[in-house]
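Data first, discussion second: the structure below is written as structure tokens.
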Amino acid sequence: MNRRSLLSGVALVATTGLAVHQHWPSRVLGRRPHMSKVAILRCDRYDLTPRAVEDGFRLLPLSVRGKRVLLKPNLVEYSSAAPINTHPLLIASVIDALYRRGAASVVVADGPGHVRDTDLLLYESGLQAQLDAVGRSGFVDLNFDSVIRVAPTTGLTQLRELWLPKTLLSADIVISMPKIKTHHWACVTLSLKNLFGIVPGSVYGWPKNVLHWQGIDNSIVELAASVPIHYVIADGIEAMEGNGPLHGPVKRLGCLLFADDPVAADATCCRLMGIDPTRVRHLQMTSQLGNLDATRIEQRGEGVEHVKQQFDLLPQFTHLRGQV
Amino acid sequence: MAWTVKASHIGEHGPDIRRNRTGTCIVGEVAVVESCVAVRSQILERLKALPSQGTEDVALSLLALRNSGADPTPLLRQQHSSGAWGAMPNVDLPNAYHTALALLALRPYQLSPVRDAADRAFAWLSELRGRESHWLWQWKFRLFDRQVRFDPAKSGWPWVPGTVSWVAPTALAMLAFRAWRRESARIAAGRDMILDRACPQGGWNAGNSEVFGVELDPHPDFTAMAVLALRDSGHGRKAIVWRSLDYLAARLSTSRSPHSLAWALIALSAYGHEGTDRLRGQLEAGTTSRIWVLPPRVLAVAALALEQPAFTFEEVQR
């Protein structure tokens, strides 16, 4: 064996080892429920969300009496031309509905990945005006919150520890409120990818480049395994297709989606977008955490077949299209 | 930690406005100047009473209160054995942005422990490079990862080890080297990296000007940091810098967000840009109306922005 073949062999073994290491599904501790529940509600205008949210909670009840609830919307940056963020009117409707159901407190919290000046984003996006109007709910900037050390559990990343916000970890109920969008790195950004916003920018920087270097899919799974999402309310009234999460055109999907399992929520959102969720890598990897399989998802409200549309995808993701 | 302040310093409003270097808070416009002084005084009083935890809070407060007897010891205690600072006292992940900010905050203090701390911090900063500076990653970015437009040969400082260079930590590290009069080839390299990452229309965001063929939008605070870093690097007259200053003045023309306004005002004042007076009024209004809820880091940078003569990081003195 000469030196070249020895080096090639070592490189091959190392690459194979890394590939196995990063794909090992049993590293994700299973907490998949036997069945998950998802409700789809048609809603084509944000001023109609108070009624739609009430209907959603009736179809898929959530017990919040006496609980501290944290809403995690998707706040990235503001553009008047693109539907980037979870709509403020929807967030306000959810806050109102949760207080009516007896929540002890409802806080809206996020750590935008691109901007340090969250105040500016809150004002320009209109979220601050809605929070002021609702009056009972404040905003916590997770980029600057106190942090607690959390031990990673999956081994999918090289991170020895995760520093995560105290406000998030002390909430009784975490509701992920993604905007339904395509994503140029991860194919889709839904309730699980929305967890990137909990990683504090003050610790890791803007953008949260540590997560990219650990692999976006691996990082999504690590965060999903570390932080339980108890409920999902996805904003699909105005969604985004193509070059998301910032520059794609609006796609009027005209629906809200409620779910008690983030994996089932994201799988169903993918089906609504004309994407096969079983081919989306981070969803494959989270299949131990929730139900990807449609036969394990109890569908309420509108049927997927009646609401789904074909979303434009960047060329690198067209092979992920599902049956529409 | 609340700041301990000598009683004799309370009520000190800063230097004589007649020594104004930039002319942006013009002698003669008495109402504007009095307003500046009064608002800044309120902010400093609030800052003295406010507990600070995170390194950015502590460092910027120390800088804002440097003429009010503020003690650098709490900031020195947060330094890691490596020489770096992390974001918070309990976080052992070193961070170049916070390390540079701590160095800038400590610059006015001519104490032996401060100089020792600075030596160790500069040693740590000098060793830290963006991951793209390694030939292997340069090769990867040139051949495969081409969706993000940047020149991987031009690197500065990452936020944390193991990641690529970004605008904010690079800009603050450059300012820290210059403030302490430390020579380093990294300053010129950082300048090249920042110029490479500028948005084509002017301004900077976190550090990507174009992704998947789409030009990205600049952000005010990162833009302000970048133009401040370029000011004394011989590139302060470049067209991109002046386009970026115009962007700052226009972008924030109706904003009342103190963080962005304060960083923008420091940058515009450093260049003597005509947009400063209007932004100063907006900053005063935005800060005083929310003085009880704003965190120390925002109050402190607002106080720095309202200083007369205009505050500059490189020439900061007590």
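Is it the case that the stretch B:75-96 has a residue that's modelled with pLDDT under 65, touching a helix residue (DSSP H, G or I) at 6+ places or on another chain (Cβ under 6 Å) and in a helix (DSSP H, G or I)? For the stretch B:75-96, residues modelled with pLDDT under 65, touching a helix residue (DSSP H, G or I) at 6+ places or on another chain (Cβ under 6 Å) and in a helix (DSSP H, G or I): absent.
Counting only helices (runs of 4 or more DSSP H) that fall entirely inside the stretch B:123-213 and contain at least 1 residues that are farther than 29 Å from B:His80 by Cβ and at pLDDT 90 or above, the qualifying elements are B:185-196. Please work out if A:Ile91 is part of a loop (DSSP other than H, G, I, E, B), touching a residue at least 60 places away in the same chain (Cβ under 8 Å) and either away from chain B (no Cβ under 14 Å) or buried (at least 19 other Cβ atoms within 10 Å of the Cβ) (or both). No: the conditions fail for A:Ile91.
Among residues of the stretch A:34-48 being out of contact with any His (no Cβ under 8 Å at 6 or more places or on another chain) and farther than 16 Å from A:Arg271 by Cα, the one that is surrounded by the most Cβ atoms within 10 Å (Cβ to Cβ) is A:Cys43. Read through the list (1) modelled with pLDDT under 95; (2) surrounded by fewer than 23 Cβ atoms within 10 Å (Cβ to Cβ); (3) over 14 Å from the mean Cα position of the chain (by Cα), then give the number of the only condition that A:Glu241 fails. Evaluating A:Glu241 over (1) modelled with pLDDT under 95; (2) surrounded by fewer than 23 Cβ atoms within 10 Å (Cβ to Cβ); (3) over 14 Å from the mean Cα position of the chain (by Cα) leaves (1) as the failure. Condition check: within 16 Å of the chain's Cα centre (by Cα) and touching a residue at least 12 places away in the same chain (Cβ under 8 Å). Does A:Asp276 satisfy that? So A:Asp276 fails the test.
Hey, any hits in the stretch A:301-312 for a residue that's touching a residue at least 40 places away in the same chain (Cβ under 8 Å), out of contact with any Pro (no Cβ under 7 Å at 6 or more places or on another chain), away from chain B (no Cβ under 14 Å) and buried (at least 24 other Cβ atoms within 10 Å of the Cβ)?
Within the stretch A:301-312, one or more residues are touching a residue at least 40 places away in the same chain (Cβ under 8 Å), out of contact with any Pro (no Cβ under 7 Å at 6 or more places or on another chain), away from chain B (no Cβ under 14 Å) and buried (at least 24 other Cβ atoms within 10 Å of the Cβ).
With respect to the conditions (1) out of contact with any helix residue (DSSP H, G or I) (no Cβ under 6 Å at 6 or more places or on another chain); (2) surrounded by fewer than 24 Cβ atoms within 10 Å (Cβ to Cβ); (3) among the aromatic types (Phe, Trp, Tyr); (4) within 14 Å of chain A (Cβ to nearest Cβ), B:Trp137 lacks only one, and its number is (1). Residues B:Asp232, B:Asp196: which one is free of Cβ contacts under 8 Å to residues at least 60 places away in the same chain, more than 10 Å from chain A (Cβ to nearest Cβ), of a type in the set (Asp, Glu) and out of contact with any strand residue (DSSP E or B) (no Cβ under 9 Å at 6 or more places or on another chain)? Going through B:Asp232, B:Asp196 in turn, the sole match is B:Asp196.
Do you know which residues across the stretch B:89-104 are touching an Asp or Glu at 6+ places or on another chain (Cβ under 7 Å) and within 11 Å of another protein chain (Cβ to nearest Cβ)?
B:His98
Scanning the stretch A:129-166 for residues that are within 14 Å of chain B (Cβ to nearest Cβ), in a helix (DSSP H, G or I) and either touching a residue at least 40 places away in the same chain (Cβ under 8 Å) or crowded, with 19+ Cβ neighbours inside 10 Å (or both) turns up A:Ala129, A:Leu131, A:Leu142, A:Asn143, A:Phe144. Given the structure, is B:Ala262 away from every other protein chain (no Cβ under 13 Å) and buried (at least 24 other Cβ atoms within 10 Å of the Cβ)? No; evaluated as a whole, the condition is false for this residue.
A quick yes/no check of all residues on (1) farther than 30 Å from B:Val164 by Cβ; (2) at pLDDT 95 or above:
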site: B:Val33; (1), (2): yes, no
site: B:Val39; (1), (2): yes, no
site: B:Leu44; (1), (2): yes, yes
site: B:Leu50; (1), (2): yes, no
site: B:Pro72; (1), (2): yes, yes
site: B:Ala105; (1), (2): no, yes
site: B:Pro113; (1), (2): yes, yes
site: B:Asp119; (1), (2): no, yes
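The values are calculated or read from the model by the stated rules, or taken from the named source; none is laboratory data. This is a predicted model, so every value here is computed, not measured. Here Cβ is always computed from backbone atoms with ideal geometry, including for glycine, and neighbour counts include all displayed protein chains.
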